[in-house]
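The values are calculated or read from the model by the stated rules, or taken from the named source; none is laboratory data. Computed from a predicted structure; not experimentally measured. Glycine gets a Cβ as well: all are built from the backbone with ideal geometry, and neighbour counts include every protein chain shown. Keep in mind that these areas ignore ligands, DNA and RNA; they rest on the heavy atoms of the full protein, side chains included. Shrake-Rupley method; radii C 1.70, N 1.55, O 1.52, S 1.80 Å.
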Amino acid sequence: MAEHVRIFDTTLRDGEQSPGASMNADEKMQIARALERLQADVIEAGFPSASQGDFAAVKAIADEVRECQVCGLARAREADIDGAGQALAGAADPRIHTFIATSDVHLRAKLKMDRDEVQELAVAAVKRARKYTDNVEFSAEDAGRTDWDFLCRIVEAAIDAGATTINIPDTVGYAIPWEFGDRIRMLRERVPNAERAVFSVHCHNDLGLAVANSLAAVENGARQVECTINGLGERAGNAAMEEVVMALRTRADHFGVDTRIETTEIVPTSRLVATVSGFVVQPNKAIVGANAFAHESGIHQDGVLKERQTYEIMTAESVGWSRNRMVLGKLSGRNAFRSRLAELGVHLKDAELDEAFQRFKALADKKREIFDEDLLALVNDQVTRVAERFRLVGLQVGSETGKIPEARVTLEVDGEQQEATATGDGPVDAAFKAVAGLVDVDAELKLYSVNAITGGTDAQGEVTVRLERGGRIVNGQGADTDIVAASVKAYVHALNKLVGEAPAERPHL
Ligand code: KIV
Ligand code: ZN
């Protein structure tokens, strides 16, 4: 039997710390459900003491998720730990993750404490967390740059205090694989009580080495990897879960370990996270990029047709890409629609299914072939919906070579239909100006991105619009075969988010 490596997913905590990737409570819940289908061992649902919104989101996830451990992050402070304990009270298997920085530069410049003081706080934090649960994780922040002797000392003390998981973060993405692997082996060999805890790693990707460092750690005895879907996370991100999992699965001959991840859920989960966060997946991204399994060269195509293993080390189906991508059309019925969604891991309640089916029919009128990607975009559109103060009713655009583009937009604003016309540099610019003229929201456009969901000129465009107002950032999404309509939908979606849910102020970690 291969030894088990736990997958600790921190998309909802470290992933959400990416500038611009903030998610509302509903979106977090959708992602938590997807992570449960994916069978992550631990879901780090958030940082409950960061804000009331974070507390509520962690609590809601803890109350619902039953098949994964649900974890809340807490600094080594009493109030943080109590907040995490309370948010997790309803969890089937709650975990409190407490941390304090241990590298000299953090002690001197950030904490202004000496090593003994830091160790004392770490021990007190672990002991306090144990009042709420037996499942306590301790992280030595910036462990990748921490003095080896002090790291051994604080890890031993944390285990003695009751930590059952010891996490060694490479917080700043500074490590290189063989050195990081040595660090894990050294800890397991030198810390006298090391066998009483599971060693975990949490690698950032500043040098593009997060996955390699995580794998080196596994090779040296780490049995938990902290990672995020699509590698989302602070700065250059965290280790990408799909890459770690598929490396361990595909090279089981080398690592001799496995995870419990249901790999066919990887692609749908990746899509959901990309849509919600507004962080589009690059086409050549391993495992989940659109080209990850596309063979373009004739020699490769010929080889794959003769024997797939000539150029494929894993199958596209094993990670959730479907073999037959053309799935449904205008004549497809509700049952075919429902069962295709189920095959894609999407299970809707009856009322949601009715609505999705109507939208599918409308799309099928415009687009002859509906692909899996179209279905997922359609459903994601429903998932990310928010209360609508503004609703797009009509759009008319005029764009002709040599003439100034013009757009007329009809919106329902607080239940009342209003219309505005504007000109702009292009049809999207004109339409956005018309919308801005109808809504009294002073927001700055931070990102506008268009992505074709499938190939062909009748493909749906998926647009993300990121807006900022007073330090608060939201992402809006829209999909349509008409790019200008998709853009306006995304803009209106972002505006509705901005005027909706209250902002979540966060202390700096
Ligand atoms: O990168 C880091 O050190 C963290 C800790 C809070 C685990 O995210
Ligand atoms: Zn981190």
The range 92-109 - phi-based ³J(HN,Hα) in whole Hz, Karplus 6.51/-1.76/1.60, Gly and Pro as x = 5, 9, x, 10, 9, 10, 10, 8, 8, 6, 10, 6, 4, 5, 5, 5, 6, 8
key: Accessible surface of the chain, 1.4 Å probe, proportion on carbon and sulfur as whole %   = 49 percent
key: Probe 1.4 Å, protein heavy atoms only - accessible area per residue of the chain in square angstrom   = 43 Å²
request  = Give me the aspartates and glutamates in straight-line cross-link reach of LYS446: C-alpha distance below 16 Å, same-chain residues under 8 apart excluded.
outcome  = ASP429, GLU468
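Counting trypsin sites (Lys or Arg not before Pro) as exposed when in a DSSP loop with at most 15 other beta carbons within 10 Å, what is the longest stretch of the chain free of them?
On the way: sites that count: ARG66, LYS112, LYS131, ARG235, ARG251, ARG260, ARG323, ARG325, LYS330, LYS349, ARG368, ARG385, LYS403.
Counting only loop sites that pass the neighbour cut-off, the longest clear stretch is 404-509.
Fully extended, how many nm does the chain gain between GLU369 and ASP26 (0.36 nm per residue separation, minus their Cα-Cα distance)? List each step's numbers first, then the result.
Numbers: separation 343, 0.36 × 343 = 123.48 nm, distance 3.06 nm.
Additional length available on full extension: 120.4 nm.
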remark   = note: the range 108-151, Cα-Cα separations exceeding 14 Å make up a percent value of 58 percent
task = Could you tell me how many degrees, from 0 to 90 and to the nearest 10, lie between the Cα long axis of helix 78-87 and the main elongation axis, the longest principal axis, of the Cα atoms of the chain?
result = 50 degrees
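Would you calculate the volume per residue, in Å³, of the smallest convex hull containing every Cα atom of the range 3-264? Don't jump to the answer; show the numbers that get you there.
Numbers: hull volume 29.2 nm³, N = 262.
Dividing the Cα hull volume of the range 3-264 by its residues yields 111 Å³.
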ask   = When the helix-only estimate is applied to the chain (DSSP H runs of n ≥ 4, each -39,500 (n - 2.57), divided by the residue count), what is the mean residue ellipticity at 222 nm, nearest 500 deg cm²/dmol?
value = -12000 deg cm²/dmol
task = Would you please state the base-10 log of I(q)/I(0) at q = 0.20 1/Å for the range 390-498, with intensities from the Debye formula using one equal scatterer on every alpha carbon?
result = -1.04
inquiry  = Can you compute 3J(HN,Hα) from phi for each residue in the range 123-137, using the Karplus curve 6.51 cos²θ - 1.76 cosθ + 1.60 with θ = phi - 60°, rounded to whole Hz and x for Gly and Pro?
reply    = 5, 4, 5, 4, 4, 5, 4, 5, 5, 9, 7, 7, 9, 10, 10
task = Find the centroid of the Cα atoms in the range 1-55 and in the range 243-278, then give the distance between the two in whole Å.
result = 15 Å
Relative contact order of the range 368-509, defined on C-alpha pairs under 8 angstrom at six or more residues apart (%) = 20 percent
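What per residue convex hull volume, in Å³, do the alpha-carbon atoms of the chain yield? List each step's numbers first, then the result.
Details: hull volume 85.1 nm³, N = 509.
Convex hull of Cα atoms, per residue: 167 Å³.
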remark   = Within the chain, excluding any GluC sites (Glu not before Pro) found in a DSSP loop (not H, G, I, E or B) and having at most 12 other Cβ atoms within 10 Å, the longest uninterrupted segment runs 1-295
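Give me the one-decimal Kirkwood hydrodynamic radius in Å for the range 233-313, with the sum taken over alpha-carbon pairs.
14.5 Å is the Kirkwood radius here.
If you count the DSSP beta bridges with both ends in the chain, what percent of them are antiparallel, to the nearest 5?
Numbers: 36 of 73 bridges.
Given both bridge residues lie in the chain, the antiparallel proportion sits at roughly 50 percent.
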query = Counting only pairs 8 or more places apart or on different chains, how many lysine pairs in the range 298-383 have C-alpha atoms closer than 28 Å?
reply = 7
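Once the other residues with Cβ under 13 Å from the Cβ of GLY85 are scored (Lys, Arg +1; Asp, Glu -1), what is the net sum? If you can, show how the numbers build up before the last one.
Working: positive: LYS59, ARG77, ARG95, LYS127, ARG128, ARG130, LYS131; negative: GLU78, ASP80, ASP82, ASP134.
Around GLY85, the charge tally is +3.
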message = Explain nothing, just compute: Karplus ³J(HN,Hα) = 6.51 cos²θ - 1.76 cosθ + 1.60, θ = phi - 60°, for every residue of the range 146-158 in order, whole Hz, x for Gly and Pro.
response = 8, 3, 4, 5, 5, 4, 4, 5, 6, 5, 4, 5, 5
key: Size of electric dipole in the chain: Cβ of Lys, Arg +1 and of Asp, Glu -1, about Cα centre, debye, nearest 20   = 340 debye
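If you take every residue apart from ILE176 with its C-beta less than 12 Å away from the C-beta of ILE176, what net charge results, scoring Lys and Arg +1 and Asp and Glu -1? Working shown, then result.
Details: positive: ARG183; negative: ASP170, GLU179, ASP182, ASP206.
Charge balance near ILE176 sits at -3.
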Given charges at beta-carbon only (K, R positive; D, E negative), |dipole| of the range 298-433 in Debye = 420 debye
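Over all distinct alpha-carbon pairs, what is the Kirkwood Rh of the range 298-383 in angstrom?
Details: mean 1/r = 0.0694 Å⁻¹.
Mean inverse Cα-Cα distance, inverted, gives 14.4 Å.
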inquiry  = Could you tell me the relative contact order of the chain? Use alpha-carbon pairs under 8 Å, at least six residues apart, and round to a whole percent.
reply    = 12 percent
request  = With an 8 Å cut-off on Cα pairs and a minimum separation of 6 or more residues, tell me the relative contact order of the range 128-214 in percent.
outcome  = 33 percent
